[in-house]
Structure formats: structure tokens, C-alpha cells
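Notes to accompany the following structure.
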Amino acid sequence: MELLLQDALIIPEPDTTKIFQANIVIEDNIISDIAPNAQIPDPEFIISGKSLVVLPPPINSHTHLPMSLLRGYSDNKTLMNWLQDIWKIEGKFDARWITLGTKLACLEMIKAGTGGAADFYFHESSIGKVMEEAGIRGWLGAGILPSAFVDQGGYEFQLSEFNRIIEYSKGSPLIYAAIAPHSQMTVPEEIISKAADLAEIHQVPLMIHASETRKEVMDSEDKYGVPPIERLEQIGFFREKTKEILAHCTWITQREVEILGKHQASVGWCPVSAQKLAYGGTTPVPELRSAGAYITLGTDGTASNNTLDLWREMREAANVISASRWDPALYPAEHVLEDTCWSFRRNFHPESLIKVENQADLVVLNFQAPHLKPMHNIISNIVYAANGSDVHSLIVNGTLLMYNRQVLTLDETEIIDKTEENVKELL
């Protein structure tokens, strides 16, 4: 595909001093030129217009895509009560429901300009097929939870899914395998260690939920004498050649901050779901950044968020740190934007940052809207004022997934209609 973006404001780094105006030429899946007068003869698409802004698309660092079918199904409940509702219906999810829920989620992500997601679920081979069809990058965390999906094969099925993803990812430019034991307190330690072994052998990311609630921390301390992340280090979870993604980390100590920094682990922070499920704690983002951990922004699943809109998540991320720490300068807009659009990509896919000869992953925002004017500080406007509906176009790996709000890779009407028609059967 040959594309030309004209006269766009380009944000190659989360720094207002680096912003410049230019054309971008994309040939096949590569950015071939960035310059004020860059051109290409007869491009398939020309993206141009007043007040268009280009930056790397956000990547959702922690989510459960098929749970889009459970949006609004159980609200205003604490975590354990909410989980009881969710698990009852989630056990019915087979490949059919997984596929439908993932299609709805991918449609939502494209409409909100999200270029990739680190998914943490089951039936990930079915999820990968949908993500590839949609054109979105997917880091597929094969969920490991022996007590889940027992009637579909339980733990053995979950391991076979991981093997399927490994094979599937070898032939895809968009799909990457990962393994995801559910949490330190829900999965036997020998199975967590085996998952870490598999991640190390196959050189794939290792995902886990960690220190999500105060009760989880207290249970770990009662059983092992230390909180979850300290215990994970004790059992050899962190490996020299493995990249870890720990979701939430809402209740962690300074010692655990130092552990995550030492291992340069990624923290998939989900501020909206943490507030909605009333975890009480707040991920110590400034300290984690200072320690050397990668802060990456996620939405969690739509059953607990209830959207996949990372622009909305950015505003909440900035505000929750400011409000809980009494300091609006502690986590400025530049850091929030970096953690949403750059941090995960730098760690897991740096070849898709905005540079000539890199793979073309670009999100185009339309700043010709009253809530984005005036533009005293473009990064401030993105973090505090923009939302998913401000996305004009989305390009991933050189493919145009959405052009001027029209999704090109999925049938929007069909997916919405099928969801409405079929979800009653699920319930």
C-alpha cells in the first residue's frame, strides 16, 4: 500500500520541542520519507486536512478483549462480588463467543486509534485470527489458570493454546506470543515457574496480574511472609532474557518498586478499572518510572472499565496521580503520553517508532474541533482534552485500517448487529 500524509504536525517523541510539520510517505509497510515536500506518484490514499496531528498509535498494555461482550453486565460491585458475576457467564465462552467479542473489541480499538494490545485471556489463537484480520498488533498472553475453562480442557488446553500461538506468530507480522499465569495467589507456584521457563525458552513476554487488591497482598503475606512481587522474585519469576508485564501493581511497597525497576519490568497500569472496582490503592507511577520500570497504560477489560479508549485513560491517569499525591506536577502530560504511545513500543517493538525506514504505525488526530482549540500546548490537549472520536485515520504496519472515521478492515455494521442479535443467547 502506498500512502501520503500531507502537512501534518508530527510528534516523533513526547516533547513539544521535537514537533514539526511535514509530509510522510509510506511504501509497502515502511516509512520511506519524512520531509516538507516529500511526495509519491499516484498514492492509493492521501490523508490531508487542516489541523491533522500524527503520532505513534497507543498500545493497550493490559486488556481482556473478548470481555467486550460483558460491558455493563455487572457494575457497582467490589472485585470479588464482581468476579462471581463474571465467572458464571465467562465459563460459557467458547471459540464462537471469543471471536465475536474480539471483533467488537477490535472495532472499538480501531475507532479509537489503538494500534495494538497486550491481551490476557484464553482461546488466544482465536483472538489472534481476529486481530490479524482487523490489522492490529497483538501480544497474545495465553492465560494459565487451572481452575478456569475446566470443561474445555483446563490447564492442558491452556498449554496447547500457548503452543498454537507460538506457531501462529511465526507466520504473522502482527501477532506475538506470550504466556500469562493468572496471578501469584490463584496459580500454583510450580505452574508459574513452568510458565516462566516457557517464556524464557521461547523468548516471549511473561504476563501476570500482581498486587491488584489489598486482600491479595495480605493473603500473600499471611502465606509466604512477603507481598506478591517479592514472592515472585523469590520463586524465580524474573529472568534475565525475559520481558515481564505485571498488570495493576496497585498495592506495592518501595521494595517491590525497586524489584520491578531492577528487572526493567513493564507495569500495565489500568487507572480507570482500579477506580471503578474501588481497589483503594494507586500504582506508584512516579517511583516506578524513577526506578527504571516501564510504565505502560492499559484499560483492563470492558467488563470493568467499560471502554477501550486509551485517550480517556490518559486523562484519568494524570488526574488520579495528581489527586492522590496532592501534586499536579508529579505526573505531567508529557509523561502520560510517553507511557501510552511510546513506552510499550520502545520495549517490545521499537522498529515501529516514527522514523524513516521503520514500519509505518501512525495515528492521525483531527484537531479541528472546539474542545481542542486553542492549541497552547498540543500534548496537554491530547492528554486532557482529546478522546477516541478525535481519531481521523489509523495506519498499522503500513496498512490503512481507518480512513476519515471509516473502518476499512472490518464490517462495522455487521459486527454491531451480530453483537446485538447474539448476546441475548449468551445471557
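Looking at region 258-272 only, could you name the residues that are surrounded by 24 or more Cβ atoms within 10 Å (Cβ to Cβ) and either among the hydroxyl-bearing types (Ser, Thr, Tyr) or out of contact with any Ser or Thr (no Cβ under 7 Å at 6 or more places or on another chain) (or both)?
Start the filter on region 258-272 by keeping residues that are surrounded by 24 or more Cβ atoms within 10 Å (Cβ to Cβ), which leaves 260, 265-271.
Correct list: 260, 265, 266, 271.
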**Study point:** Residue among 339, 417 that alone is out of contact with any Gly (no Cβ under 8 Å at 6 or more places or on another chain), without any contact (Cβ under 8 Å) to a residue 60 or more places away in the chain and among the acidic types (Asp, Glu)
**Key:** 417
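When region 20-31 is examined, which residues are found to be surrounded by fewer than 17 Cβ atoms within 10 Å (Cβ to Cβ) and at pLDDT 95 or above? I'd like the intermediate steps shown before the answer.
The first filter runs over region 20-31 and keeps only residues surrounded by fewer than 17 Cβ atoms within 10 Å (Cβ to Cβ), leaving 20-21, 27-28, 30.
Matches in region 20-31: 20, 21, 27, 30.
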Practice item. Check residue 72 against each of (1) assigned by TED's automatic domain parsing to the domain that holds residue 274; (2) touching a Gly at 6+ places or on another chain (Cβ under 9 Å) and name the one condition it does not meet. Key: (2)
Check your understanding: In region 146-194, how many are under 21 Å from the mean Cα position of the chain (by Cα) and of a type in the set (A, V, I, L, M)?
Key -> 8
Point to revise | Close pairs from region 223-240: first closer than 15 Å to residue 206 by Cβ and outside any helix (DSSP H, G or I), partner acidic (Asp, Glu) and modelled with pLDDT of 95 or more, Cβ under 8 Å, at least 6 apart | key: 235/189; 237/244; 238/244; 239/200
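Need a quick list: strands (runs of 3 or more DSSP E) entirely within region 300-415 having at least 1 residues that are touching a His at 6+ places or on another chain (Cβ under 6 Å) and not aromatic (Phe, Trp, Tyr). I'd like the intermediate steps shown before the answer.
Details: elements: 362-366, 391-396, 399-403.
Because the criterion is at least 1 residues that are touching a His at 6+ places or on another chain (Cβ under 6 Å) and not aromatic (Phe, Trp, Tyr), the strands (runs of 3 or more DSSP E) in region 300-415 that meet it are 362-366.
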Point to revise | Given (1) crowded, with 20+ Cβ neighbours inside 10 Å; (2) out of contact with any strand residue (DSSP E or B) (no Cβ under 7 Å at 6 or more places or on another chain); (3) outside any loop (DSSP other than H, G, I, E, B), number of the condition residue 196 does not satisfy | key: (2)
Check your understanding: How many residues are surrounded by 16 or more Cβ atoms within 10 Å (Cβ to Cβ) and touching a Pro at 6+ places or on another chain (Cβ under 7 Å) if we restrict to region 147-183?
Key -> 2
**Study point:** Within region 83-100, considering residues that are at pLDDT below 85 and among the hydrophobic types (A, V, I, L, M, F, W, C), the one nearest to residue 418 (Cα to Cα)
**Key:** 87
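The values are calculated or read from the model by the stated rules, or taken from the named source; none is laboratory data. Since the model is a prediction, treat every value here as computed from it, not as a measurement. Cβ coordinates were reconstructed from backbone atoms using ideal geometry, including for glycine residues, and neighbour counts include every protein chain displayed.
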